[in-house]
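Have a look at the structure below, then the notes.
Nothing in this text is a laboratory measurement; each read-out follows from the coordinates by a stated rule. Keep in mind the model is a prediction, meaning the values are calculated, not measured. For neighbour counting, all protein chains shown are included, and Cβ atoms are generated from backbone atoms with ideal geometry for every residue, glycine included.
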Amino acid sequence: MGRPHLITQYMNAGLPGISVQKKLPYRPEPQEVDSLYRAINRYIFDNALTQPEITIGTLQKVWGRCNWQDTRQRKGSWGKSGTWCTIELYDKWFCPQWFCNTLAHEMVHQWQWDIYRWDHRERFGREMHFNSGAHGPSFFLWRDVFNDWQLTLKHSHGQRRWFRHQDLRKT
C-alpha cells in the first residue's frame, strides 16, 4: 500500500522562506484539522482513537496541548467509547509540517490516556500515575512509527534550531 496522501502532503509541502515563516503564515481551518486527525488516526494509530474536541486558538508557551478530563467525553463512531481528552492547538504555524507533527504529538498523549493507561492498570494492578501521561517510555513507543511517516517524536521542538536547519529532525 502506498503512503496516504494527506500525511505525505503535509510533510512534503514546500517551505516558504524563513522571513515568511516567522510571520506564522499557515492557519489551518477546522475541517483541515479534522481531516488530518482522521488520517493520522487511521495510518499511525490504526483507528484506535476517538476524535476528541479539538480547539484552535491562542496558547501561551506551547504549540499544542492534550488535556486530561475527569469524565469521558462524547462517544466515537462505530460504537467506540468516548475519549478522556481534549486537544488544543495554536492557530498560527510556521509551516504545514510543524502543524502536522504537533497534532500527531498530541495524539500520542491521547493514546496514553485513552488506551495505554488501561493496559497499564491490567498489567501492573494499579492506575497509571497522572504525570505518566507525559514524555516517558510509553510516549516514545511511537518513535519508529513516526519516523516511517517523516514525523518526529520529541519532547518539544525548538524554534531557533528550526530556523537554522529547516528540518524537524534536527530541532
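Observations on the model:
- Here the extension length gained between ARG164 and ASN67 equals 31.8 nm, from 0.36 nm per residue of separation less the Cα-Cα distance.
- Packing, taken as the mean count of other beta carbons within 10 Å per residue, orders the peptides 43-54, 145-156, 99-110, 16-27 from highest to lowest as 99-110, 43-54, 145-156, 16-27.
- Projecting label points 7 angstrom from Cα along Cα→Cβ for ARG38 and THR8 puts them 1.9 nm apart.
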